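Please read the structure below before turning to the comments.
The values are calculated or read from the model by the stated rules, or taken from the named source; none is laboratory data. Small disclaimer: the values here were computed from a predicted structure and weren't measured. Using ideal geometry, Cβ is built from the backbone for each residue, glycine included, and neighbour counts are taken over all protein chains shown.
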Amino acid sequence: MLNRREFLSRSLKGAAGLLAVSVLPAGLTACSNDKKTVNTSSMANLGPLSELTKGEFPKKVQHKATIKDAWTEQEREGGVYINKNKDGSLLIMSPVCTHLGCTVGDAGENTQKTGIRFLCPCHAGQYNEYGINVAGPPPRPLAIFDAYVQDGNVYIAVLSPRKREK
């Protein structure tokens, strides 16, 4: 026959054991070094990473994406501007002006000599080659996309650009 002290001791040890066993898989997953795969079915494929890192920067890259939600499927076409950060990683910029949502275009030859690379035709917003607003009404730099590299291709979530501040 168990006395009260032994009963409580065994009960607490059993509960602690159950807790440890239930938390163990989550802990092992968090500590894993395996590269996680991302579902790219609703993302735009910008092409092979090896090709995107070649050539002159900044450059415009066109994309197509099939966006799926619970009820509908949409085909989206568009483009992004790509440059290289100082560390060599890709900087993928949205072409949408941060002032009123116009589409930013390439700058002319005269303005590129002064460091201006992108012009907003609506209100003369100007951005440098890294998408930083340098003149006009835009309140902040161009939004950027997080790049996901899978099987050598670069993917972006076209509906999820990330705001950035200066």
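Just name the residue that is nearest to Val104 (Cα to Cα) out of those in the range 118-155 that are touching a helix residue (DSSP H, G or I) at 6+ places or on another chain (Cβ under 8 Å) and buried (at least 17 other Cβ atoms within 10 Å of the Cβ).
Start the filter on the range 118-155 by keeping residues that are touching a helix residue (DSSP H, G or I) at 6+ places or on another chain (Cβ under 8 Å), which leaves 119, 126, 149, 152-154.
Filter once more, so that each one left must be buried (at least 17 other Cβ atoms within 10 Å of the Cβ): 119, 126, 153-154.
Details: Leu119: 6, Gln126: 9, Asn153: 25, Val154: 22 Å.
Of everything passing the filter in the range 118-155, Leu119 is nearest to Val104 (Cα to Cα).
Might you let me know whether the range 139-161 holds any residue that is more than 15 Å from Val61 (Cβ to Cβ) and touching a Gly at 6+ places or on another chain (Cβ under 7 Å)?
Among the residues of the range 139-161, at least one is more than 15 Å from Val61 (Cβ to Cβ) and touching a Gly at 6+ places or on another chain (Cβ under 7 Å), which makes the answer yes.
Taking strands (runs of 3 or more DSSP E) that fall entirely within the range 61-166, which contain at least 3 residues that are touching a residue at least 24 places away in the same chain (Cβ under 8 Å)? Quick ask: steps written out before the conclusion?
On the way: elements: 73-84, 90-93, 116-120, 125-128, 133-135, 148-150, 153-156.
Here the list reads 73-84, 90-93, 148-150, 153-156.
As an exercise: evaluate Asp106 against (1) out of contact with any helix residue (DSSP H, G or I) (no Cβ under 9 Å at 6 or more places or on another chain); (2) modelled with pLDDT under 85; (3) in the same structural domain as Gln74 (by TED's automatic domain parsing) and give the number of the one condition it does not meet.
Going through (1) out of contact with any helix residue (DSSP H, G or I) (no Cβ under 9 Å at 6 or more places or on another chain); (2) modelled with pLDDT under 85; (3) in the same structural domain as Gln74 (by TED's automatic domain parsing) one by one, Asp106 breaks only (1).
Does Phe7 qualify as being at pLDDT below 85 and not assigned by TED's automatic domain parsing to the domain that holds Asp146? Give the derivation first.
Values: at pLDDT below 85: yes; not assigned by TED's automatic domain parsing to the domain that holds Asp146: yes.
Answer is yes for this residue.
Regarding Gly125, is this residue over 23 Å from the mean Cα position of the chain (by Cα) and either modelled with pLDDT of 85 or more or not assigned by TED's automatic domain parsing to the domain that holds Val149 (or both)?
Values: over 23 Å from the mean Cα position of the chain (by Cα): yes; either modelled with pLDDT of 85 or more or not assigned by TED's automatic domain parsing to the domain that holds Val149 (or both): yes.
Answer is yes for this residue.
Does Thr37 count as hydroxyl-bearing (Ser, Thr, Tyr), exposed (fewer than 10 other Cβ atoms within 10 Å of the Cβ), out of contact with any Lys or Arg (no Cβ under 8 Å at 6 or more places or on another chain) and at pLDDT below 85?
Values: hydroxyl-bearing (Ser, Thr, Tyr): yes; exposed (fewer than 10 other Cβ atoms within 10 Å of the Cβ): yes; out of contact with any Lys or Arg (no Cβ under 8 Å at 6 or more places or on another chain): yes; at pLDDT below 85: yes.
In short, yes.
Take Tyr127 and decide whether it is of a type outside the set (Asp, Glu) and under 20 Å from Asn39 (Cα atoms).
no
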